[in-house]
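Trainee: Okay, here's the structure, questions in a sec.
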Amino acid sequence: MMTTTLTLIIPTYNLGSYFAGMLGALQRQTRPFDLWLVDDGSMDETASQAEAFTRGIPNFHYFAFSRHQGVSTARNYGLARATTAAVAFVDGDDLIADDFVQVLATAMSPAVSAVAVGYRWFRTPVVAKGEQRLDQAAMFEQVSHHGTAIGGYVWNKAFRRAAITAANLQFDPTLQLAEDYWFTASFVARTPGPYVYLPAVRYTKRNRPNSTIHRAGFQARAQEDAVFERIRQLRAGLAR
């Protein structure tokens, strides 16, 4: 039997009908994986669905916060408990291809720091063919600003867990927006690579009306601008 080498960490919060699509995709995965569903104080049926989904499966885990604490705290909870060689941070209201785990786990050889796959969100992606290998500088350029093929999001990537530990990284719970960009850019800035990009689309980002990004106000947007200024400072350090 194929062993698990990847943990999917999925924060959940009031996902409503969107959660069913992700649960179905998890059931259809073509390779075994570990799973942490961390509910962030949902007030709908999301938490009970997550608990039922994981029940009786040894490598599937569920935990619920008693109050809403934010996506970064939920991701950190799963990260602290993962034991596999690599981890991936997936959003519970999105969709993943049936071979999402297979592709990430296969590409994550011992020499690779992180793997990214193509994603679909808003625009139709321009898909190049074949595996691409990137050094640290090229990967940082991809993850440090909006509009790139790879992006700074965490949800279309798998990260080597030992490299996260070596970089002393967690998600910043004080950030309402761009917490994923800060995590990814910090990871690349502290991790020489190499990195693998597989352009074929295996992640679909869905636009849920009451998601954090849609509810963000002026203060959160200002915080996002500050994050990208910090990322620009990381770039300057990388150049040296």
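Trainee: In region 194-205, how many residues are charged (D, E, K, R) and part of a loop (DSSP other than H, G, I, E, B)?
Mentor: Here is the first cut: in region 194-205, the residues charged (D, E, K, R) are 202, 205.
Imposing the further condition that a residue be part of a loop (DSSP other than H, G, I, E, B) reduces the set to 205.
Selection size over region 194-205: 1.
Trainee: Next question, about the same structure. Does Ser17 satisfy the criteria of being assigned to a helix (DSSP H, G or I), open to solvent by 30 Å² or more (accessible area, probe 1.4 Å) and within 18 Å of Asp93 (Cα to Cα)? Spell out the reasoning first.
Mentor: Details: assigned to a helix (DSSP H, G or I): yes; open to solvent by 30 Å² or more (accessible area, probe 1.4 Å): yes; within 18 Å of Asp93 (Cα to Cα): yes.
Judged against the criteria, Ser17 is a match.
Trainee: Can you name the residue in region 168-178 that is surrounded by 19 or more Cβ atoms within 10 Å (Cβ to Cβ) and modelled with pLDDT of 95 or more and, of all such residues, is nearest to Gln219 (Cα to Cα)?
Mentor: Checking each candidate, the answer is Phe171.
Trainee: Report whether or not Met22 is buried (at least 21 other Cβ atoms within 10 Å of the Cβ) and modelled with pLDDT of 95 or more. Working first, answer last.
Mentor: On the way: buried (at least 21 other Cβ atoms within 10 Å of the Cβ): yes; modelled with pLDDT of 95 or more: yes.
It is true that Met22 is buried (at least 21 other Cβ atoms within 10 Å of the Cβ) and modelled with pLDDT of 95 or more.
Trainee: Can you run down the residue pairs with Cβ atoms below 7 Å, 6 or more apart or on separate chains, where the first is in region 13-25 and at negative phi and the partner is of a type in the set (Phe, Trp, Tyr)?
Mentor: Leu23/Phe53
Trainee: Out of all the residues in region 35-47, is one or more surrounded by fewer than 21 Cβ atoms within 10 Å (Cβ to Cβ) and touching a Lys or Arg at 6+ places or on another chain (Cβ under 7 Å)?
Mentor: yes
Trainee: Are any of the residues in region 123-130 open to solvent by less than 40 Å² (accessible area, probe 1.4 Å), under 23 Å from Thr7 (Cα atoms), of a type outside the set (A, V, I, L, M) and touching a strand residue (DSSP E or B) at 6+ places or on another chain (Cβ under 8 Å)? Reasoning before the result, please.
Mentor: Filtering region 123-130 for residues open to solvent by less than 40 Å² (accessible area, probe 1.4 Å) gives 125.
Going one step further and asking which of them are under 23 Å from Thr7 (Cα atoms), we end up with none.
Within region 123-130, not a single residue is open to solvent by less than 40 Å² (accessible area, probe 1.4 Å), under 23 Å from Thr7 (Cα atoms), of a type outside the set (A, V, I, L, M) and touching a strand residue (DSSP E or B) at 6+ places or on another chain (Cβ under 8 Å).
Trainee: Being at pLDDT below 95 and open to solvent by 60 Å² or more (accessible area, probe 1.4 Å): is that true of Thr165 here?
Mentor: On the way: at pLDDT below 95: no; open to solvent by 60 Å² or more (accessible area, probe 1.4 Å): yes.
Here the answer is no, as Thr165 does not meet what is asked.
The values are calculated or read from the model by the stated rules, or taken from the named source; none is laboratory data. The model shown is predicted, which means the values in this text are computed figures rather than measured ones. Reconstructed Cβ throughout: ideal geometry from the backbone, glycine too, with neighbour counts over all protein chains shown. All accessible areas refer to the heavy atoms of the entire protein, side chains included, with ligands and DNA or RNA removed. Shrake-Rupley method; radii C 1.70, N 1.55, O 1.52, S 1.80 Å.
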